[in-house]
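J.: Input: one structure, supplied below.
The values are calculated or read from the model by the stated rules, or taken from the named source; none is laboratory data. This is a predicted model, so every value here is computed, not measured. Don't worry about glycine lacking a Cβ; one is built from the backbone with ideal geometry, like all the others, and counts go over all protein chains shown. Note: accessible area is taken over every heavy atom of the protein model, side chains too, but ligands, DNA and RNA are not part of it. Shrake-Rupley method; radii C 1.70, N 1.55, O 1.52, S 1.80 Å.
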Amino acid sequence: MYVRDLEQGCLLKPDPEYFWQIMPLVGESKLKTGSPWAMAYNELKQAGITRHGSVTFANSRFQKHADEVEEIGIYLGVKMLQNYYFGVKKQHMILVGSELFVIDGYSFDKVQKIE
């Protein structure tokens, strides 16, 4: 799927054999350095976002985790950062179950829009 096809409120799910991998934000250890990464981390935390995600292939190593993750997500729109987080300023917000997380636009090649 293409990022340009996303609309706020649309339903999304990963392609078969893929799942949402949702993890805590990365960057807390760099806060004292004042790096741009730490500044992006702070921007996300101040917006109430504490997690980031990706779409991951559910091979045998991840299968148990993949079975525990809800499949359908709601696209909530874009969060533009002043600094780079994982090399990207434009982060997309998705709600899966009760988990709000950001994901970069490069991760949507393994995502389907539910019509």
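J.: Would you confirm, using the coordinates I've provided, whether Phe62 is surrounded by 13 or more Cβ atoms within 10 Å (Cβ to Cβ) and either among the acidic types (Asp, Glu) or modelled with pLDDT of 85 or more (or both)?
T.: Numbers: surrounded by 13 or more Cβ atoms within 10 Å (Cβ to Cβ): yes; either among the acidic types (Asp, Glu) or modelled with pLDDT of 85 or more (or both): no.
Judged against the criteria, Phe62 is not a match.
J.: Tell me, which residue of segment 86-115 that is polar (S, T, N, Q) and more than 14 Å from Lys13 (Cα to Cα) is least open to solvent (accessible area, probe 1.4 Å)?
T.: Gln91
J.: Another one. Are any residues in segment 1-22 under 21 Å from Lys90 (Cβ atoms) and either open to solvent by 80 Å² or more (accessible area, probe 1.4 Å) or free of Cβ contacts under 8 Å to residues at least 40 places away in the same chain (or both), and if so, which ones?
T.: Passing the criteria: Tyr2, Arg4, Glu7, Gln8.
J.: I would also like to ask the following. List, please: which pairs have Cβ atoms under 7 Å, are six or more places apart or on different chains, and start with a residue in segment 98-114 that is basic (Lys, Arg) and end with one that is open to solvent by 50 Å² or more (accessible area, probe 1.4 Å) and not in a helix (DSSP H, G or I)?
T.: Qualifying pairs under 7 Å: Lys110/Tyr18; Lys113/Met1.
J.: Right, another one. If Met80 passes every condition in (1) open to solvent by 60 Å² or more (accessible area, probe 1.4 Å); (2) out of contact with any Leu (no Cβ under 6 Å at 6 or more places or on another chain); (3) at pLDDT below 95 but one, which one does it miss?
T.: Looking at each condition in turn, Met80 falls short on (3).
J.: If you check Thr50, Thr33, which single one turns out to be open to solvent by 30 Å² or more (accessible area, probe 1.4 Å) and either among the small types (Gly, Ala, Ser) or at pLDDT below 85 (or both)? Walk me through how you get there before you give the answer.
T.: Values: Thr50 fails: either among the small types (Gly, Ala, Ser) or at pLDDT below 85 (or both).
Matching residue, one of Thr50, Thr33: Thr33.
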